């Protein structure tokens, strides 16, 4: 399966969803809406980090791990729960051709990959090869990812496209969504419990990736939008320098596709429970 990343999405939303379920990857240039999300998030980052003149990507190095964790936890909660950010996300969803009457989404999450963070035992799960569907999401899951900065391939993540139609030996059966949120709903947002990365078990591959499999990376500009099926196997790259990577992502589903069982192939997802009832409906606060 020789997959490339397309710079434009189909105009018809049903065709877009079908292409994504089939393994297509799309990365479109920044729009006014994605630029707005980036600007609003960077403004909050500067306020949260407390130094408007400093390079945001280097700022974490001047804070203790505990203090940085605390500040980012507050910010991540703001982005995930804020109605203003929900509305921005709804605007983006409509621009992509989705029908708000049929869509539901898991809101914006601020992802933070620190320079050298792969050496932190509490962050090890961040670097596991995984499918997002292993976390109690349906096969119709679509993921959107937006970087806050221009990034070279070594600063992003990689896909293993062949594994969309190939079993990836994993332990996803350990994940029960209902138990996960029962033990602490704030874990959905992330960065709320500094010990979660040491205590909690996260689904991961339990076999080596085939060294002959295609590895697809990419570079990106701030505000670009990457869309992919949540069933794609992918893996975050370690940030080996001093600079931190900030990005936003969100998950969405077309509820008609969920009900009809449409989506990407399910070869190995054994996670239990469903995150969909906790998604936000597109029509909740329609403009």
_For residue 70, only one of the following conditions fails: (1) assigned to a helix (DSSP H, G or I); (2) modelled with pLDDT under 95; (3) buried (at least 17 other Cβ atoms within 10 Å of the Cβ). What is its number?_
(3)
*Please name all residue pairs, on different chains or six or more residues apart, with Cβ atoms under 9 Å, provided the first residue is in the stretch 223-246 and is at positive phi and the second residue is in a loop (DSSP other than H, G, I, E, B) and surrounded by fewer than 21 Cβ atoms within 10 Å (Cβ to Cβ).*
223/29; 223/30; 223/31
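With respect to residue 42, determine if the residue is touching a residue at least 40 places away in the same chain (Cβ under 8 Å) and under 20 Å from residue 78 (Cα atoms).
The answer is yes for residue 42.
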*Unique residue being touching a helix residue (DSSP H, G or I) at 6+ places or on another chain (Cβ under 8 Å) and over 28 Å from residue 242 (Cβ atoms) when the list is 20, 45, 63, 96*: 96
*What tally of residues in the stretch 23-37 results from selecting those that are touching a helix residue (DSSP H, G or I) at 6+ places or on another chain (Cβ under 8 Å) and either surrounded by fewer than 16 Cβ atoms within 10 Å (Cβ to Cβ) or not in a strand (DSSP E or B) (or both)?*
7
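The values are calculated or read from the model by the stated rules, or taken from the named source; none is laboratory data. Everything numeric in this text was worked out from a predicted model, so none of it was measured. Counting neighbours? That spans all protein chains shown, and the Cβs are built from the backbone with ideal geometry, glycine included.
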